[in-house]
Each structure stands twice: as C-alpha cells, then as structure tokens.
1. May I ask you to derive the FRET efficiency for A:His133 and A:Asp56 from their Cβ-Cβ distance with R0 = 41 Å, giving the value to the nearest 0.05?
2. Output the peptides A:99-106, A:176-183 sorted from most to least packed, where packing is the average of other Cβ atoms within 10 Å over each peptide's residues.
3. Between A:Pro243, A:Leu111, A:Gln65, whose Cα lies farthest towards the positive end of the dipole of chain A when Lys and Arg beta carbons carry +1 and Asp and Glu beta carbons carry -1, centred on the Cα centre?
4. Please give the contour-minus-distance gain from A:Glu167 to A:Thr319: 0.36 nm per residue of separation, less the Cα-Cα distance, rounded to one decimal in nm.
5. I need the calculated FRET efficiency for the pair A:Arg77 and A:Ser363, taking r as the beta carbon distance and R₀ as 51 Å, to the nearest 0.05.
6. In units of 2.2 N^0.38 Å, what is the alpha-carbon radius of gyration of the range A:254-345?
7. Kindly express, to the nearest 10 degrees and within the range 0 to 90, the angle between helix A:202-213's C-alpha long axis and the longest C-alpha principal axis of chain A.
8. Rg to Rh for the range A:64-107: what is it, with Cα atoms only and Rh by Kirkwood?
Amino acid sequence: MSRIQFKLLHTDGAARRGEITTPHGTIQTPVFMPVGTMASVKSLTTEQLGRLGPEDEKTGDRGPQIILNNTYHLMLRPGVELLEKLGGVHRFMGWNRAVLSDSGGFQVFSLSAIRKIREEGVEFRSHIDGSLHFLSPETSVSIQTRMGVDIAMAFDECPAYGLSHDEVEKSMLLTHRWARRSLDARTGASALFGIVQGGVFPDLRKRSVEEISSMDFDGVAIGGVSVGEPNEAMRDVVGFTAPLLPSDRPRYLMGVGTPADLVNGVAAGLDMFDCVMPTRNARNGTLFTSSGKVSIKNAKYAADDGPLDPECPCVTCTTVSRAYLRHLFVNGEIAASVYNTIHNVSFYLDLMRTIRQAIASNSFGAFRERFLSKIAGGEKDGN
RNA sequence: GGAGAGUUGGCUGAGCGGUCAAAAGCAGCAGACUGUAAAUCUGCCGGGCCACGCCCUACGGAGGUUCGAAUCCUCCACUCUCCA
C-alpha cells in the first residue's frame, strides 16, 4: 500500500545511511530537500534546479533528489482543482523527481493572524484575497494526494515557542488526534509522514514520539522546531528526540537548518531535512561556503576577483568572481538571486553527499569534527 | 535691462525664531534570516570624546537683529522661471 520504501543501508554511530524508493526516483539519505513553496525553488527554473549539486555516484544524475512544496500556498493559488487537472505538481512544474509537501500545519503557526483553530480543523483567511478557507487533516491529506506528491505530511499544529507545558500538551494532543485522522484519510496514492510535537518539553516529546510511532506512518518527522526558540533549546530537543524515533522508517527534521544543524542532525540519527535558509539567505546576500558564511554585499568583496568558494564546483563558483556577485547584488540584479541560489543549494547538496560518503566509510564522526571546526574558523557563531 | 523663485548633510528634499546635528526617501556601512505572506527586515549613517552625557564644526558667503537664527534684516555670489 505504501508508495515508498525505506532501506537502511549502513550506520556509523547514530548516523544512518539509507535509501528511500519513491515513484519518482530513489533518494539517498541523509538528504536535504530544497524548499519550493509555490512549486518553485525561488529564483531557479526547474531546469536549473535539476542540474545543481554533485553528480550521483552510481547513476550520474545531478540535482536534488527531492524538493518540498506547500499545501497552503498551492491550494490558494493555483488551487488543487487546477493542479489536479494539469496533471499534478510534477507535471505542472516539469519536475520528474520526488516531491514532499508540507501539510499547511506550519502556516497555522506562522500565519496565526488569520486563523481560527477548532477540533475539526483550521479556518484560514487567505493572505492573498481574504477569502475563507478550511484545512483539516482530511482536506489537507486529500489536497496533497490530489497534487500528486510522493510524500504528504500529516496535518499538525505547531505551537509557538514560549507556551507553557500545559498549553503545549494540549496542542500536542490535538496534533495526535489529527495524526490519526490524517492517517485514516490516506488513500495510498501518496506516502504519509507523521509529525512529532511537544515543544521543548522532553516528557511531551517522548510521549509524542511514542504516540506517532505507534501509528502506521511511512515516516516520522520532528516538527515544532526552529520556531523562535534559542539555538541551544533546538539542539537539545533534536538531540533528545531523534534517538527515540523508530529506526525502520525515515526520520525527518522539519525546517532545519544551518549547515552545522544538518551535520548535527545526521549525528543524531536523522535522515531528511528541509529549510528555506539556503534559498532565502541566497536572495538576501548570505552565502554558505566551506569556510563559513559570506555576506557578499560587504564592501571588502568589491574588488575580490577570486571565486566565492574555491572548493565549490558549482556554476557560480566556477564562472564568476566575488566582485561580480557583489556587483549584481548591490545593483539588485535578478542574476544575483540566481547565482546565489545556485551556489547555496549546491553547497547544501554537496554537503549531504559528503556526509553520505563519510557515513559509508565509517568516518562520519571525524568528518563532523573537522567540518564544525572549519566552519567555526570562518564564522564566530558556528553556522 | 525688468519681475519673481531659489541656494539645507553624498544625492533628492522637509523645516521657516527655541523642543534642529536638522523629517523623509535614496545612496553608503553592518547585521539578521532555520516545515518561505521575505529579491525581506533591523541597526548605524558630520566629527571628537575619560560617549546613557559633553564638546567642536554645520543649513551658499559676509555682516546684523535677538537671551536665542537653517528660520528675520542687509549686502554679495550663484542657479532657475517669466517679460523685454
């Protein structure tokens, strides 16, 4: 019945090397999924996206193995009816690899000004035209399935950071009931992942893992993280929760993170990651390199004729200089976003490939240590 | 030659007796960004200092009126518009 299959290939400490088979290709894990909210990884054409990152060791394929789309945004525009009629998101955007969709649960959190939460579901007012919409476990899963995604996410509630134990518990229990209903709404056309909540409270996280793991999800995700909590808190939650997750299914850390977060996440035993950071930061002029972050708009790069990252084989690093990238950025040229996004996404994909190789050769621990100190050398905050 | 308008910090441009080191925007400099309402947002932006306060230099130039002037008066310089 499940449309995906997970195979655990190898472990190196807690780090896992695996494979997820989907109708749109096999995904090597640990994997990073670029975010393409509007069925588009911002500033890239589907074709450009498809050529990013390192070449696959075996198949010779390039590019992300899987990307993320967003239910909330796509249901508003262009709408699920149209998407379905046009053959689903893959066909719509000309993407033939895997797609995972977020359920809209996060928007319940991030767009809190326009929501009304009930047991049944969430009433939204569209941020686009103010029209009224309703999202529930059933409608969310249905929309995701009709969009034709490979992996759908259960509809959850993502509590804001700073709520009390009782409030988070209440929210978590709602997420659990919604998880059950999401699962009951699954038709089998898309795989379905459950989402663990519980905020920053270990006892709640533990309960949530137990509850979500007991259900027949195709994978389990850690949600409710990177919602404004201190970095330390996030790391604690991930470090505590990840090892509790079932080992026979993909483990997905939602919305995280920095390169260092990814390395640490893998070390905690996680397989899948997504984050807007590489794409958003690219558009805002912050680039990730092998020696730390580079704010390309800084005056010091005005006459810097060298490549952004000498160690990076991406199109950006092999064709233009830092000086040119800065010039494009300060002048607001669209190409700045394109070049920057190409690099940042490539950097992330490259990092994941390196991580996979390190695990395969049982050298992940050493790699992690080297990586973190190298990054820290270039950046004080370790990102 | 006559009539009128104007000259403000790198630029555009408010202010029209004190609360003005001078609004706002731009440019410049730096920072943030973690399941994307983000090609966004925030801070700094005359100089100096033993800096939550003080000093210096500043609103075309020079004088003047006033307790006090970017703001009022006089002259000078320059710019623009209209009429000859």
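Quick note: the coordinates plus some simple rules give every number you see, no bench work behind them. All of these numbers come straight from a predicted model, not from anything done at the bench. Neighbour counts are summed over all protein chains in view; Cβ atoms, including those assigned to glycine, are modelled from backbone coordinates with ideal geometry.
1. 0.55
2. A:99-106, A:176-183
3. So the residue furthest toward the plus end is A:Gln65.
4. 49.5 nm
5. Computed FRET efficiency for A:Arg77 and A:Ser363: 0.65.
6. Compactness ratio reported: 1.12.
7. Once rounded, the angle reads 70 degrees.
8. That ratio is 0.97, to two decimals.
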